[in-house]
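Chemist: One structure coming up, written as structure tokens, with questions to follow.
Please treat every number below as a calculation from the coordinates, not as lab data. This is a predicted model, so every value here is computed, not measured. Cβ atoms come from the backbone with ideal geometry, glycine included; neighbour counts cover every protein chain shown.
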Ligand code: 0RA
């Protein structure tokens, strides 16, 4: 501990404004972008926005700004503005350059800069705005300060002019506009949903901040969202629980700081039996938890047991609520902010700093003590819920023990529906879980039987009982799956017995397929998280269309790609309509019909040349097509499932299968608008 402190001091001194010693150029960023932004695919691309927004959030957290505006602009540009003090533009003592230019063109210049400012920056997502500059073909900084508008532009991280005042300005603030370098990124189109989702979360995590988001890319399809959550993460809790029935009237909330570590916690119990816990460090989600979550859980169990004993909720002397008991139905957010976060774990998604645990534990325990005393009715509801969970757990345990003792799985032979592969080496083996018998048939014929196994599942697994292991094991489809995997389940689970290194979910690209995929992901998430964490679960990506021009065959995996092809061949939408409605033309009105025929005949040559087939289900592909497009390791596309995605599926599942009907309807309707070609 003492050496730790010492290390920190030395570092701080070295970063003092007078003696910035580690000024580096931006070459390393372009050489190894992944080191700075994770990857150069979609996640990395979006990281650029998060980085710039973080700077604005820092300025807001320091009390100097309250609004951040993010605009997706035409041609792939993004603009991020804040109404803070504006990045200083005066000459920096060490670099003899404008402070703005230094920040924009030097690596690690974020650390300590100007007087007192820039404190947390470089510590949040952690890389600084210069990284964004380095990875942009073009960037422009606009600073409003001292009544003037200051501007500097850059190309690939290099200034193309000095910082200049170009006019007058009222107020203060910073605007950064950038265009990501297409030679660096494999994906260059920003995804509106990703941007909105992330920034909404940031708005929850930064109490009182206003985040306004605009999609200005296509004038005719402009859209915007404005977020402001007065209650911060307490509002977040209400949002997360809006589909569930709350147990507690008042949302618990605490926000305190100790030893430079800020701890903010909110929670509310619901009648649900599952827990939703989200941990954040410096606004970064930690799906694998870490020291903050450990501290939270420890305090929760301890304080609730203490309260239960004191108020005679626990009847027997040696009865205790377990950590599982007190987390059933709990929706909680634990958010900490600290100067030097250390992340670890496979996805770097776990907070490592050990000093955080006791601080969270203490702040939370004190606040929870007070909450329970001040809100006895809520306290009673919470304890009732925990005791119910304890009783249910005891019952489930004995039921499960009976089932397992009876040998629900042990000694059972591989299911008859499984077409196993001939290899017995799990490392090279894979299993396709296929929806329906007809797709199963194609897959069986198309596969390489040496290393590919096929397990067809019937659609009727949807209404499976959710939590009770014994009920689940009574479902034949699920039982088959578990036996095929070989790992067993629950306390008997053993990863080493996994029979296939890749477990591939292959479902139709329609609503039923999405249901089954969601269900399977939920099953894996709740009962086989280790399979997901170790990267064993995949989702196959079958093509949506087959485009044939003469001998030239092309498979198309998404709508955007198809649009490009249609543009290339100058095919209008109605052409497709014609092709797809061939057999149903009587359903069209007279006018529709005439229009279709008109366009169709005008393009009849094109159509003859280009044949577009829309695959509505896997069953529509013949075995060799299925192999070629979806199963051949040389050519197929597969998506490895992350624990975050599975968690999301779990949430979706709750909406689809949960007790409440209204949110389910809403979900299906809103999706229906955004997904084309739904087969409802
Ligand atoms: C350091 C000092 C001052 C402002 C900032 C940093 C600053 C940085 C960013 C990054 C995005 N938006 C920002 N806004 C402000 C100025 C200190 C002063 O004016 O006294």
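Chemist: Taking the Cα-to-Cβ direction at residue 42 and at residue 95 and moving 7 Å from each Cα, how far apart do the two end points lie in nm?
Modeler: For residue 42 paired with residue 95, the spin-label model returns 3.4 nm.
Chemist: Which of rounded, prolate or oblate describes segment 28-100 when judged by the alpha-carbon gyration tensor and an a/c cut-off of 1.5?
Modeler: Details: a/c = 1.98, a/b = 1.23, b/c = 1.61.
In terms of gyration-tensor shape, oblate.
Chemist: At 0.36 nm per residue, and after removing the present C-alpha to C-alpha distance, how many nm does the segment from residue 260 to residue 553 gain when stretched out fully? Walk me through the intermediate numbers first.
Modeler: Working: separation 293, 0.36 × 293 = 105.48 nm, distance 6.15 nm.
Gain on stretching residue 260 to residue 553: 99.3 nm.
Chemist: Between residue 27 and residue 530, take the C-beta separation as r, use R0 = 45 Å, and let me know the FRET efficiency to the nearest 0.05.
Modeler: In this case the efficiency is close to 0.65.
Chemist: Now, a different point. Quick one: length gained pulling residue 609 to residue 164 fully straight, 0.36 nm per residue minus the C-alpha distance?
Modeler: 154.5 nm
Chemist: Can you work out the FRET efficiency for the pair residue 239 and residue 318, with r the C-beta to C-beta distance and R0 = 35 Å, to the nearest 0.05?
Modeler: With a Förster radius of 35 Å, E is 0.30.
Chemist: Shape call for segment 55-94 from the C-alpha gyration tensor, a ≥ b ≥ c root eigenvalues: rounded (a/c under 1.5), prolate (a/b greater than b/c) or oblate?
Modeler: oblate
Chemist: Let me ask something else. Can you work out the FRET efficiency for the pair residue 226 and residue 634, with r the C-beta to C-beta distance and R0 = 56 Å, to the nearest 0.05?
Modeler: 0.70
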